[in-house]
1. State which residue is surrounded by the fewest Cβ atoms within 10 Å (Cβ to Cβ) when the search covers only the range 22-59 and only residues that are more than 19 Å from the chain's Cα centre (by Cα) and aromatic (Phe, Trp, Tyr).
2. Just one of Glu48, Glu37, Glu71, Glu33 is within 13 Å of Phe288 (Cβ to Cβ), at pLDDT 95 or above and of a type in the set (Asp, Glu); which is it?
3. Kindly indicate the residue of the range 91-135 that is free of Cβ contacts under 8 Å to residues at least 12 places away in the same chain and in the same structural domain as Thr46 (by TED's automatic domain parsing) and also nearest to Pro7 (Cα to Cα) among those meeting that condition.
4. Pairs under 7 Å by beta carbon, first residue under 15 Å from Thr281 (Cα atoms) in the range 1-14, partner of a type in the set (Val, Ile, Thr) and at pLDDT 95 or above, six or more apart or different chains?
5. Within the range 90-134, restricting attention to residues that are of a type in the set (Ser, Thr, Tyr) and part of a helix (DSSP H, G or I), which residue is farthest from Arg170 (Cα to Cα)?
6. So, Tyr210, is that one in the same structural domain as Ser102 (by TED's automatic domain parsing), closer than 27 Å to Leu165 by Cβ and of a type in the set (Ser, Thr, Tyr) or not?
7. Pick from Leu84, Leu70: which is touching a residue at least 12 places away in the same chain (Cβ under 8 Å), in a loop (DSSP other than H, G, I, E, B) and buried (at least 23 other Cβ atoms within 10 Å of the Cβ)?
8. Exactly one of (1) free of Cβ contacts under 8 Å to residues at least 40 places away in the same chain; (2) within 30 Å of Ala127 (Cβ to Cβ) is unmet by Tyr194. Its number?
Amino acid sequence: MTNALPPAALSTMWAVQPRFERDLGAFLDRTAELGYEAVEINHSMTAEHAGAIMGYASLPVTGVHAPAPLERHPTAGWNREMNLAATDEAERALAVGYHQRSIDLAADAGARIVVVHLGGVGSRMLAGERRLRSMYDRRDSLSAEWQAAVDDTLKERAAIAAPWLEQARRSLEEMAETAAARGITLSIETRLHYHEIPLPFELANLLLPYPSEVAGYQHDVGHAEVHHRLGVTDRSAWWDLLGDRLVGLHLHDVRGLTDHRAPGNGDVDYAWLAERIAAATPNAARTFEIDQHESDEDVARGLRLLREHGIA
């Protein structure tokens with residue numbers, strides 16, 4: 001099949017299952033059999049795993065999802081749990097260092113982007129978001145209470161965000177210097193939880209100092225959809241403010257508030273999404289970020305579905 005779009009990649013999120021645990025060559029073979037043309041190395045992969053993927057070289061690596069490789073610091077814990085926006089300077093500096101390793105890994109793997117979670121306003125879900133999630137199935141019957149909870153959640157985050165945002169800005173500046181030197185583009189991702197950075201207007205401001213080849217926007221379909229369903233961020237806002245900075249896409253479906261389903265195993269409006277992607281850029285990297293519990297058949301069907309929509 002001739003495809004004018006960038007190659008459809010499958011995230012190694014799907015590789016985290018017993019049959020591939022010690023045989024990433026089998027994962028790469030199965031990925032190709034299911035119709036995918038590349039992979040993204042995500043932050044569940046150790047240095048040994050990443051080395052195996054690069055060693056087999058049966059599929060190209062289009063991106064690295066930082067902080068890959070997965071490592072455990074002797075005293076500070078797992079690197080993927082560190083906050084790039086931490087007000088604790090030691091934690092922030094450690095997080096930056098691990099992300100700089102991801103930039104090096106991407107360059108070594110021949111990838112062009114590194115996907116970045118830019119930290120959060122604290123490290124825990126806001127009380128307001130917990131309330132919204134608990135009310136979600138009753139939101140229509142509790143419309144007044146639901147809207148009040150949305151408003152309270154927006155205010156809760158806004159009241160405390162400033163120092164964390166400043167730390168995120170500092171981390172992005174340090175990572176961008178490394179990325180520019182290695183010829184890698186940082187792709188700052190839409191996040192799942194409302195305390196996490198960035199919101200659309202925050203990212204628009206954070207990206208202002210950088211050309212698109214150094215830093216841009218990673219649209220995570222499922223994360224944006226969950227924000228929309230919780231009422232905290234309209235899904236259109238990401239495209240209105242950041243469509244011209246789009247670098248990459250994380251493609252998956254959402255059922256209720258559960259993301260990382262294979263496309264077709266939820267109810268995301270892909271026709272609407274296809275229009276927004278087409279209006280942004282056809283060159284954004286396409287990665288299917290599908291949970292390891294989704295079946296082979298659904299992983300293959302999801303790719304076919306999004307090809308029918310012109311997304312992949």
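1. So, considering only residues that are more than 19 Å from the chain's Cα centre (by Cα) and aromatic (Phe, Trp, Tyr), the one surrounded by the fewest Cβ atoms within 10 Å (Cβ to Cβ) is Tyr56.
2. One residue alone meets the criteria, Glu37.
3. Gly97
4. From the range 1-14, the pairs are Pro7/Thr62.
5. Of everything passing the filter in the range 90-134, Ser134 is farthest from Arg170 (Cα to Cα).
6. Working: in the same structural domain as Ser102 (by TED's automatic domain parsing): yes; closer than 27 Å to Leu165 by Cβ: yes; of a type in the set (Ser, Thr, Tyr): yes.
So Tyr210 passes the test.
7. Details: Leu70 fails: buried (at least 23 other Cβ atoms within 10 Å of the Cβ).
It is Leu84.
8. (1)
The values are calculated or read from the model by the stated rules, or taken from the named source; none is laboratory data. Computed from a prediction, not measured in an experiment: that's the story for all the values here. With ideal geometry, Cβ positions are generated from the backbone for all residues, glycine too; neighbour counts draw on all protein chains shown.
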